[in-house]
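Only one structure is covered here, and it is reproduced in the block below.
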Amino acid sequence: MRIRFRENGPYVVEPPPGAKVRFNGEELPLPKGNLALCRCGASQKKPFCDGSHKALGFQAEAGEMRAER
Ligand code: FES
(Lines give C-alpha, C1' and ligand atoms only; values in the text may rest on other atoms or scores of the structure.)
Protein backbone atom coordinates (compact mmCIF):
# COMPACT_ATOMS: atom_id res chain seq x y z
CA MET A 1 0.00 0.00 0.00
CA ARG A 2 1.38 3.39 -0.95
CA ILE A 3 0.94 6.36 1.39
CA ARG A 4 1.77 9.81 0.07
CA PHE A 5 2.23 12.90 2.22
CA ARG A 6 0.97 15.99 0.47
CA GLU A 7 3.02 19.12 1.05
CA ASN A 8 1.27 21.10 3.80
CA GLY A 9 -1.65 18.66 3.64
CA PRO A 10 -3.02 15.20 4.35
CA TYR A 11 -1.81 11.64 4.01
CA VAL A 12 -3.23 10.16 0.83
CA VAL A 13 -3.80 6.43 0.75
CA GLU A 14 -4.79 4.23 -2.14
CA PRO A 15 -6.78 1.57 -0.28
CA PRO A 16 -6.38 -2.01 -1.46
CA PRO A 17 -9.57 -3.87 -2.42
CA GLY A 18 -11.59 -4.80 0.64
CA ALA A 19 -9.80 -2.33 2.92
CA LYS A 20 -11.69 -1.05 5.97
CA VAL A 21 -11.17 2.03 8.10
CA ARG A 22 -11.68 1.88 11.84
CA PHE A 23 -11.50 5.00 13.98
CA ASN A 24 -12.09 4.97 17.73
CA GLY A 25 -13.33 1.40 17.40
CA GLU A 26 -15.94 2.27 14.78
CA GLU A 27 -15.82 1.00 11.22
CA LEU A 28 -16.33 3.90 8.83
CA PRO A 29 -17.71 3.78 5.29
CA LEU A 30 -14.95 4.30 2.76
CA PRO A 31 -15.32 7.21 0.39
CA LYS A 32 -14.72 6.38 -3.27
CA GLY A 33 -11.22 6.76 -4.62
CA ASN A 34 -8.17 7.64 -2.57
CA LEU A 35 -8.42 8.40 1.12
CA ALA A 36 -7.17 11.76 2.39
CA LEU A 37 -6.35 11.36 6.08
CA CYS A 38 -5.80 14.33 8.37
CA ARG A 39 -2.26 14.88 9.58
CA CYS A 40 -2.69 18.43 10.92
CA GLY A 41 -5.11 17.48 13.72
CA ALA A 42 -7.67 20.20 12.85
CA SER A 43 -10.19 18.23 10.77
CA GLN A 44 -13.75 18.10 12.05
CA LYS A 45 -14.24 14.87 10.10
CA LYS A 46 -11.36 12.82 11.53
CA PRO A 47 -9.80 10.63 10.46
CA PHE A 48 -10.48 12.21 7.06
CA CYS A 49 -9.10 15.53 5.88
CA ASP A 50 -11.74 18.26 5.53
CA GLY A 51 -9.44 20.98 4.22
CA SER A 52 -8.95 22.65 7.62
CA HIS A 53 -5.18 22.39 7.20
CA LYS A 54 -5.33 25.36 4.80
CA ALA A 55 -6.91 27.74 7.32
CA LEU A 56 -4.54 26.44 9.99
CA GLY A 57 -1.50 27.23 7.87
CA PHE A 58 -0.26 23.68 8.46
CA GLN A 59 3.25 23.13 7.15
CA ALA A 60 4.82 19.77 6.42
CA GLU A 61 7.00 18.24 3.76
CA ALA A 62 5.77 16.07 0.95
CA GLY A 63 6.82 12.44 0.93
CA GLU A 64 5.86 8.88 0.30
CA MET A 65 6.12 5.50 1.97
CA ARG A 66 5.06 1.98 1.16
CA ALA A 67 3.60 -0.47 3.61
CA GLU A 68 3.58 -4.19 2.91
CA ARG A 69 2.19 -7.17 4.77
S1 FES B 1 -4.64 17.53 6.92
FE2 FES B 1 -6.39 18.36 6.05
S3 FES B 1 -7.66 18.86 7.72
FE4 FES B 1 -5.88 18.03 8.62
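The values are calculated or read from the model by the stated rules, or taken from the named source; none is laboratory data. All values derive from a computational prediction rather than experimental measurement. Using ideal geometry, Cβ is built from the backbone for each residue, glycine included, and neighbour counts are taken over all protein chains shown. Keep in mind that these areas ignore ligands, DNA and RNA; they rest on the heavy atoms of the full protein, side chains included. Shrake-Rupley method; radii C 1.70, N 1.55, O 1.52, S 1.80 Å.
Out of the total accessible area of the chain (probe 1.4 Å, heavy atoms of protein only), what percent is carbon and sulfur? Here carbon and sulfur together make up 48 percent of the probe-accessible area. For R39, nonlocal amide neighbours, meaning residues 5 or more places apart or on other chains whose placed amide H falls under 5 Å from its own, are Y11. Distance between the pseudo-spin-label points of L56 and V21 (7 Å out from Cα toward the beta carbon): 1.5 nm.
Rounded to the nearest Hz, the phi-derived 3J(HN,Hα) couplings of the range 9-26 under the Karplus curve 6.51 cos²θ - 1.76 cosθ + 1.60 (θ = phi - 60°) are x, x, 7, 10, 10, 9, x, x, x, x, 5, 10, 10, 10, 9, 6, x, 10, where x marks glycine and proline. Between G33, G51, G18, the residue with the greatest mean-square fluctuation in the GNM of the chain (Cα pairs under 10 Å linked by springs) is G18. Comparing P17, P29, P47 in a Gaussian network model of the chain (Cα springs below 10 Å), the most mobile by mean-square fluctuation is P17. For the chain, modelled as a GNM whose springs connect Cα atoms under 10 angstrom apart, the maximal fluctuation among F23, F48, F58 occurs at F23.
The Kirkwood radius of the chain, taken over pairs of alpha-carbon atoms, gives through the Stokes-Einstein law at 4 °C and 1.567 mPa s a diffusion coefficient of 102 µm² s⁻¹.
Of all lysines in the structure, those lying under 26 Å Cα to Cα from K20, and not within fewer than 8 positions of it along the same chain, are K32, K45, K46. For the range 57-69, putting each phi into the Karplus relation 6.51 cos²θ - 1.76 cosθ + 1.60 with θ = phi - 60° gives couplings of x, 4, 10, 7, 6, 7, x, 7, 9, 10, 10, 10, 7 Hz, in residue order, rounded to whole numbers and with x for Gly and Pro.
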